[in-house]
Each structure stands twice: as structure tokens, then as C-alpha cells.
Amino acid sequence: MSSAHIHQLATIVGAANCLSGSDDTTKYATDYRRVFHGKAMAVVRPASTAEVSKVMVYCHANDIPVVPQGGNTSLLGGAVPDGVGNAVVLSLSRMNAVRAVDAINATMTVEAGVTLLQARERANEEGRLFPLQIGSEGSCQIGGNLSTNAGGTAVLRYGNMRDLVLGLEVVLPNGDVWDGMRALRKDNTGYDLKQLFIGGEGTLGIVTAAVLKLFPKPRSVVTAFLGFNTPDAALQFFTVLRDRVGQDIAAFELISTAAMDLVLQHLPDSRHPLSAHFPWSVLIELASARPEHEMEDDFYAVVQEGLESGSILDAAVAASEKHAIDFWRIREEISDAQTRAGGSVRCDISVPLSQIPAFIAEATEKVLAIEPNTRMVVYGHVGDGNVHFNPLRPADEAAGTYLDRASAPITRAVDALAMAMNGSISAEHGVGVAKRDELLHVKSSVELEMAWRVKNAFDPKNLLNPGKFLPSLQHLEKTAQ
């Protein structure tokens, strides 16, 4: 029967864009970290919203599960099929056109398969800024960024993806197309339906296009690395800096010495920006419409005060655009360095800003009580409360052995602490498969039941990205009992 389905799907997208052999589908059924593996009946690559709609009409009529996929850079298995092999992976990669740029309205209309890097470059060509910035920007796609409500390094100033979108075009599970492509900043004509699909991980509909907000390019930028003894000292500096320069702080990234060492080990020709390896480093970027000398004067004054008081141990300011790129390369390499090293327990948490030092100290203590030789790879967008707390295996232990033994207890301990501090167990990476069942422990039954009501309203057959994002109703019922 699957051959008949494949034939029908090929008539919609063309034979060359309907892949069914294992050699062709394997890369779509495996995440980029090679942690999550599945099987696909077929991979379809539509070239238009109309083709997406036709695929969904056919799959809905024939009860075929569909897994939407962008750049497949998810860290939590949210974009790959399960191991049953009856699902169709719907890749948006061919829908990669920038439909329009409106410089006066400060908007850009793009299809879902446009990569984040392409969107940023096109905005730059038009003299504008699209501020979302994450390490996988060359391969992640706008549709995936929307479906996971991506955050990145500039959330502090510009917000998450949820804050960067004005309108969406979405294909629903039954093939209906919702045209919500309004480029308006004020529209009070009903529910803000687009917000249901942003962060929904493709479980309610397939985003095929979006109207994105653009911003003026900053007139002046300062990029710097600072050294600190403790996260508390870094946070105190952030508070002072925020009081002095306000929204000019575009990024404030905390990096533990173990994270820094890992990058220097795996990144060829890299070197530490500071004179010594301090316990904690902070990468700061200020971006402003003010004249450069004004922003620099304010920044240097605050740094000088910190150096004189001893709260800042060292400082290095990028002297050129190349230096700034080198600084950012270190930060952006941390995730891939962990992937190459193997054996990392990835906890993506957020807590109130004031709780970050206590969270890091207590979580470290809990992890070392479980696994005393663990390397503490800790980093993140501390200015917005997001910490990537990723304990790493000892250097002399195999990744698989460590993860089999330590992953579950470490994750439970770290997540429980985050929740006790009124935080979240997923700040920006989403839920996918890896965090799905954890929601049973951190969400109330009322909240999960409401979420399932929304899911059932849009996708009563549960065909769109099934098994992701929400714990099964059976698990929910058992928990309630």
C-alpha cells in the first residue's frame, strides 16, 4: 500500500522530489546530532503552498502521519519521524524565496525554507537588520525557527521569534490554507491565531511563509570579553551596565571555563580572548543608534569601575569587525564542540535573572553529587535568564556509558531545581521527544488538557507531527490517577 501512496505523492511534488529509498530518506530521519533515529515512508519536498496543501489533503484522507521539517537542527528530536516507518517527512527546503521587502514598513516576507542566514543577509542588503542570531543560522530555516520559537543571543534586546513576526501563512492538517500574512503592528480583530503556531513544533499546522519585523542597523557596535570569578559578579556587572546603557545591551553571554576549554580544544586556530583562563567569561555586545563615541565612553567607564573594584578580572574589546567575529565564533562553537565531544547532558533552562547565580551553584552541587568527575559546561544568554546547563562526561569515559548511567538522574535533578525556582525546563530549544514526558512533572493536568483540546481542534486525527511536544493522553490519565 505504501507504494501506492508514494506514487500519489509523487504526482503532487514530482518524482524527483518524492524520496522513498532508505539511502535517500535516512538523513531526513536522523537528527544532526545523530541522537534520534527514525524511519520515513517517504520524504516529500513541495515547492509551493499549493503543493503543501495537496500533500496534506491526501495524507489526511488516508490517515498518513506527516512530520514537517526545516533545517533539521532540532536538539530534541522534534523534526524526525518515529521508528514505525509509516510517516511522511515534509521538507520545506525548496520553499526558499524572499517574497518581498518593505523598507518603509520595516518588514520582510519570506517562505518557510529560507535559512536564517539568508534572511539576515537579505535584510542587510536592504539596509535593515533581522536580529535573530543562533549558531546554526546557515542551516536552520525560518519555518523551524517559528515552530520552536527560537531565541538566540539577541533576545535581550529584540525578543524571541514570537516577538519578531507580524503574520503567517499556514497549511492546516486537513489541507486548508490560513492566510494570516498581515504586516500590521496593530490588529485587534480577534484571536491572535499566529501565536498558536509559533512554538507549536508543527503539531497544529505547517508554516509556509511569514512576515518578519526588520529593524534599523545600529550605528555603533562594541563587542568585548570580560573575565569574572563568579556568576554573581557577572550578574552584578550586568545590572550596573543595564542601568547605564539600557537597551543598548544586545547580548550578554556567560561562559564557564569548562565550556571555553572545550571550544579551544575543538576549534582550530582559536585562542582565549583574555590574558588568562578565568572561572567565568562574559561575551558582551552593545548596539546603538547613538554615535559610537557616546556608547563607547559609557561602556569603558563602567568597565573601568569594575576593573578598579576587582569585580572584573580582565577585559578585551574587539578592535575590528574581524576581532568581533572571532569573539562570536567562540561562543557559537560551544554547542557543536559538545556534539563532537559526545556525552553531554543538555539542560536548557530559564530562571528569573536574580536566581541565576544560585541556580548554577546548586545545580552544580547536585550534579557533582551524582557524578563527581563531570565537567561543568555552562553557558547561555544570561541577560534574559536562559542558561544552557550541560554537564559533560569525564574525559576518560565513553559517552554512551556516561549517558546511560547519568543522563536521567542529572536531568531530573536540574529540571526539578529550575522548577523550584519558578523557572522552565525548556527556555528556547522546545520540547520535541526528549522533553515531552517531562511535561507531566512540570505542567498541571489542567494546562495539559487545555493543550490537548487545542491540538484536537486543529488535528483531531493526530496526524501532524504525532508523538512530539505533548505527552500522550494515556500518560496524562495515569498521572491524574
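Bear in mind that the values in this text are calculations on the coordinates, not laboratory data. Since the structure is predicted, the reported quantities are computational estimates derived from the model, not experimental observations. Note that we place each Cβ from the backbone using ideal geometry, even for glycine, and neighbour counts take in every protein chain shown.
In the range 141-226, what chymotrypsin sites (Phe, Trp or Tyr not before Pro) fall in a loop by DSSP, with at most 14 other Cβ atoms inside 10 Å?
Loop-located and lightly packed - TYR191.
Given (i) 157; (ii) 221; (iii) 148 as candidate values of volume of the Cα convex hull per residue in Å³, which corresponds to the one derived from the coordinates?
(i)
If the only charges are +1 at each Lys and Arg Cβ and -1 at each Asp and Glu Cβ, what is the size of the charge dipole of the chain around the Cα centre, to the nearest 20 debye?
Value, rounded to 20: 1180 debye.
Once the dipole of the range 367-466 is set up with Lys and Arg at +1 and Asp and Glu at -1 on Cβ about the Cα centre, which of ALA418, ASN373, PRO394 lies farthest towards its positive end?
The one lying farthest along the dipole's positive direction is ALA418.
Would you mind ranking THR148, THR374 by Cβ crowding within 10 Å, fewest neighbours first?
THR374, THR148
Take the alpha-carbon centre of the range 158-203, take the same for the range 422-455, and report the distance between them in whole Å.
If we compute the Cα centre of each part, the gap is 20 Å.
Against the longest principal axis of the chain, how steep is helix 116-125, in degrees 0 to 90 to the nearest 10, with axes from Cα atoms?
70 degrees
Given the Cα-Cα distance of ASP396 and THR189 and 0.36 nm per residue of separation, how much length would full extension add, in nm?
Roughly 68.5 nm would be gained on extension.
Once you charge only the Cβ atoms, +1 for Lys and Arg and -1 for Asp and Glu, what is the size of the charge dipole of the range 2-91 about its Cα centre, to the nearest 20 debye?
Once rounded to the nearest 20, the dipole reads 160 debye.
Using only Cα atoms, tell me the angle between helix 356-370 and the longest principal axis of the chain; keep it within 0 to 90° and round to the nearest 10.
Roughly 70 degrees between the two axes.
Show which lysines lie in cross-link reach of LYS366 when reach means a straight Cα distance below 30 angstrom and same-chain residues fewer than eight apart are skipped.
Cross-link targets: LYS435, LYS443, LYS468, LYS478.
Which entries in the list LYS194/LYS217; LYS27/LYS455; LYS39/LYS461 go over 24 Å, if you measure between the two C-alpha atoms of each?
LYS194/LYS217; LYS27/LYS455
Tell me the relative contact order for the range 324-480 as a rounded percent, counting alpha carbon contacts under 8 Å between residues six or more apart.
It rounds to 25 percent for the range 324-480.
If I model a spin label at ASN62 and LEU117 as a point 7 Å from the Cα along the Cα→Cβ vector, what separation in nanometres do I get?
About 3.6 nm, to one decimal.
Students often get this wrong: which residues of the range 198-216 have the backbone nitrogen under 19 Å from the point 7 angstrom along Cα-to-C-beta of GLU126?
Under cut-off, by backbone N: 208-216.
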